Amino acid sequence: MAASADAGTSEMEHISQLFPLAFPIPSPTTHESLIPHDDLILEQELLRNPDNLRTWLAYISHVEEVNFAKRPTPDAWVSSEGVKLLGFLSDASQRLALQRIVSLYERALAVFPTSYKLWHRYLNARARFVLGDPREGAEAHRRRVLQSTNTSLEMGPTLLDMRKDEEGQDAWNYALDGVLGWKEWRSLAAAYERALAWLPTMPRLWLDYLGLFVHPYCSPILSRTHARRTFDRALRTLPGSLHLRIWKMYLRWAELCGGETARRVWRRYLQVDPSLSERYVALLLEPMTEMRYADGHQSSLSRPSTSKAAEAEDEEDDEELSITAQERILEAAKLLLRLARQALHGSYTSPDGKSPYHLLMEWLELTEKHPTAIGLSNDEEAALPARQPDDTAPAAETDLLDTSRLPVRQVVTCDGLARFPDQSGRLWTGLATYYIKRGDLATAQDIFETGLTTVLTVRDFTQIFDAYAETSENIITFMMEELEEDEDDEDEEGPSKAEQEAEIDQRMQAFEALMERRPFLVNDVLLRRNPNDVQEWEKRVALWGENDEKVVETYQQAISTIDPRKATANLHQLYIHFAQFYEEGGSTGRAQPDKAERDVTSARAIYERAIKVPYKRVDDLAEVWCSWAEMEVRNSNYDEALRIMSRATSVPNSYKKIRSISYYDDTLPPQSRLFKSLKLWAFYTDLEEALGTMESAKHAFDRIMELKIANAQTIINFAQFLEEQQYFEEAFKVYERGVELFTYPVAFELWNVYLSKFVARYGGSKLERTRDLFEQALAKCPPTLCKPLYLKYGELEEEHGLVRKAMSIYERATKAVTEDDRYEMYLYYVAKAAANYGLAATRPIYEQAIEVLPDRQAAQMCLRFATLERKLGEMERARAIYAHASQFCNPKTQPAFWQEWNAFEIENGTEDTFRDMLRIKRSVQAQYNTDMANVAASVLAPSTAEPVVASDPMAMLEAQKAASAPSSQAPSFVAASHVSKPAALTTNTEKVGEADEDEDLL
């Protein structure tokens, strides 16, 4: 061990004797081996052309090419640890190469002292022996430097992003140790100083020189005070357009130094570019105990913020932090507060896209972690003058050099709650957490209570309430654990066990009371948000349950608070329920109606107040009047109920005023439009029918008719009331007044009821009058509604009048109804004609229908007509009808028609008639094939062909022929299996008008 120690000591002494290598400047007189024999020719060339720069550069290039080595070959006496310390200079040949290069460059610079090219090459060549080679190689390092130089320089986060990329690449091999070789480092710095003395405005020389100070092996004699002064000198010397390149390295150097130096440098930079303020906050909040590395692998800004050291420091109390750490935390808090205020006023934009609220939340979270280091005490904050949100904040709150602490509650109130009311829940809980961390539980409880009574949203309320409940529960748990520990320790100091138990019981009761108050607190939040919410007031009444005093107080508070014009729906129900509460005798009366003491007088007072409220809708006011009358009826005060309704329906005396008031004019109060409320009049008429006299009821209905507010239901109710009183003629007069007031389609309903009632009353006794009524009803009836009236009219004539008259009415109906109802009307007409005159009498009707109806319905009518003729034995007429209908039926889309005709010909036709049918079918098919619309319809139409029945031999043959044919063609004629029937079998033996009628048509 002693031998190895002696060897190491001797090696270090030997190494220290090697330096300085380049000072004083080597020359051939002091170093005989400086110029080898091979270079004498180049030396002679320099003697001949001493002022030729190209000759010097050629000589320098030759020396560098011969003497530079990619890696050193250490001397035999140098150990591996020595190689790490010396780098390239552990090789004797490289030490000689350094001396040769320094000597040659110095001689050249003595001739060309202002040559930038010579200085730049000289400093780079000399720095290689001291700084070493970049790990990615010298060429890659040179390209990276050029790329960073050509990049468009910007202030802000781009600066740090570029610097981070460079930090990750600045790793060096074979560098000279800054402690052992401090003389060479100092000599290199002196060379840079001489270069800058000749060329002070060359930015690349400055950047290379400043790069020495951020080198991982930089000598301590250069990396602190000398480096700071050099950075400042560079900023003073170079123009402002180049300062960003200097600041990029200056900030990197400041972070490597840390401490007060870093803070001062950052403050200076933030005066130029405040966009990096958030990065400075992160720097301030970094744990002081964490080691800093300067080799580029881990920089202060690239480390994650949630390091173990940071977490450990967060867990420490503010009292355990050093004074410097507390100052850094206070400075970070002030800077965050300043950024939040500037962002709110638009003078600062976060590079990370943070809003003013997010910046304020970061400040609040920092305040929660370090309450005593940032905030003033309660007494100190209470001594400060009160500040309103619009007042100018004191400059000391955002002055980074001021060590005074912040009034946290005042800042949260003015800068948080006043600016961000939608985030009040988080702000209140943060402020309460701040006081909890300070140990001031009473103030924290006051903060929670204040927050619960001021927030306007359920989300904020839930956030505060949950935090409040959790805090209370944690305090109780902590006190119970502390009580158990005191029992185990049996310590007589501090409060007694009884006092602790009493405090625990008190807090338990407060916690239970808090949980019971939650529904009321939620209701308070909703009412603060909208005091005109009627439903929430109703919920609050329900929350009080059987507490009648609170119920009455809540109703009175709601009535005095709600603005009728801004209230939500069903404001009138609030008054009605309030009056019903008095009527029922309170909660006791609702539970036990028999023992209730009804207070009808108070209920009437509520209704008197309710009818004066300017509701949004007239119907709401009408419902209040109706509810008042219903209450009087329930209490057997019938005369009072009629008096109330008579008062409610009172009409202005002036006829002009009645006409000038519109029920739908919202500019007028509802009290002035109430007399035109049909809802109110309907209730009044019902009440008069039940409790009043015949005359009073009629008078009420007459007033409705005079005011012209009646509807069809009112007319029917009036007439029905008169019918019940056996005043039939007056009831019919009411119907007549109704049909005069209304037009169709309302008049149709009235006519329908009126005619039904009239016919049921008189039947055929007043036939002419009944006919006149039907004619009046049909005179203005639209085609869409006249069908039922015509049917009633026809039934009347059949039962009490003339059949001929009924047939003419049905014929009129076929022309008066719409096209959609015309087909059904013709069927009804045919059925009635067959029933009254026989089947033969329907032929003109069929012919008329076929001429009038559309093609598809005409084809259906033809099929019915042909069926009729077949029943009458008129086969030729039926065949002619089939031929006429064929023009309406496409064989592809309507195969049912052709199948029926085919069956008819098989059963009743001959070979010639069947050929005619096929010929007609082909011609019709050709006609439809030429029309593109019919072709498209046939393609889209679903296949409706029925399967071939085995009992139809002709159809089977046609199907076999169609299957064997290569293309679809008309089937050829096949002899019928049935011959034509004799004429005796086809004659008509039916007796027209007797039992053999066409029941299918009825």
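The values are calculated or read from the model by the stated rules, or taken from the named source; none is laboratory data. Quick caveat, the model's predicted, so the values are computed rather than measured. Positions of Cβ are backbone-derived with ideal geometry, glycine not excepted, and every protein chain shown enters the neighbour counts. To get the accessible areas, we keep the full protein, side chains included, count just its heavy atoms, and leave off ligands, DNA and RNA. Shrake-Rupley method; radii C 1.70, N 1.55, O 1.52, S 1.80 Å.
What to note about this one:
- Every pair of residues 6+ apart whose Cβ atoms lie under 6 Å, when the first sits in segment 88-117 and is part of a helix (DSSP H, G or I) while the second is among the hydroxyl-bearing types (Ser, Thr, Tyr) and open to solvent by 50 Å² or more (accessible area, probe 1.4 Å): 88/174
- Single residue of segment 200-238 satisfying the filter (more than 57 Å from the chain's Cα centre (by Cα) and of a type outside the set (A, V, I, L, M, F, W, C)) that is least open to solvent (accessible area, probe 1.4 Å): 219
- Residue 684 passes every criterion in (1) in a helix (DSSP H, G or I); (2) open to solvent by 70 Å² or more (accessible area, probe 1.4 Å); (3) more than 30 Å from residue 780 (Cα to Cα) apart from (2).
- For residue 456, the stated conditions do not hold, so it cannot be described as in contact with a helix residue (DSSP H, G or I) (Cβ under 6 Å, 6 or more places away or on another chain) and open to solvent by less than 50 Å² (accessible area, probe 1.4 Å).
- Scanning segment 269-280 for residues that are part of a helix (DSSP H, G or I), among the charged types (D, E, K, R) and open to solvent by less than 40 Å² (accessible area, probe 1.4 Å) yields a single hit, 278.
- For residue 734, the test of being of a type in the set (Val, Ile, Thr), within 23 Å of residue 801 (Cβ to Cβ), surrounded by 15 or more Cβ atoms within 10 Å (Cβ to Cβ) and in contact (Cβ under 8 Å) with a residue 12 or more places away in the chain is failed.
- Evaluation of residue 627 against the conditions (1) at pLDDT below 90; (2) within 11 Å of residue 575 (Cβ to Cβ); (3) of a type in the set (Ser, Thr, Tyr) shows that the sole unmet condition is (1).
- Where residue 636 falls short, out of the listed (1) farther than 29 Å from residue 562 by Cα; (2) touching a Phe, Trp or Tyr at 6+ places or on another chain (Cβ under 7 Å): (2)
- Checking 266, 253 one by one, the residue that is in contact with a Phe, Trp or Tyr (Cβ under 6 Å, 6 or more places away or on another chain), open to solvent by less than 10 Å² (accessible area, probe 1.4 Å) and under 22 Å from residue 352 (Cβ atoms) is 266 and no other.
- For segment 907-933, taking the residues that are of a type in the set (A, V, I, L, M) and open to solvent by less than 70 Å² (accessible area, probe 1.4 Å), the one that is modelled with the lowest pLDDT is identified as 933.
- Restricting the search to helices (runs of 4 or more DSSP H) fully inside segment 614-681 and requiring at least 3 residues that are closer than 25 Å to residue 585 by Cβ gives 618-634, 638-648.
- Of all residues in segment 533-550 being surrounded by 15 or more Cβ atoms within 10 Å (Cβ to Cβ) and among the acidic types (Asp, Glu), the one that is nearest to residue 584 (Cα to Cα): 548
- Flag for residue 632 being of a type in the set (Asp, Glu), crowded, with 20+ Cβ neighbours inside 10 Å and touching an Asp or Glu at 6+ places or on another chain (Cβ under 9 Å): yes
- Being of a type in the set (Ser, Thr, Tyr) and crowded, with 17+ Cβ neighbours inside 10 Å is a property that residue 826 has.
- Residue among 677, 650 that is out of contact with any Cys (no Cβ under 9 Å at 6 or more places or on another chain) and buried (at least 16 other Cβ atoms within 10 Å of the Cβ): 677
- Scanning segment 22-54 for residues that are open to solvent by 60 Å² or more (accessible area, probe 1.4 Å) and touching an Asp or Glu at 6+ places or on another chain (Cβ under 8 Å) yields a single hit, 25.
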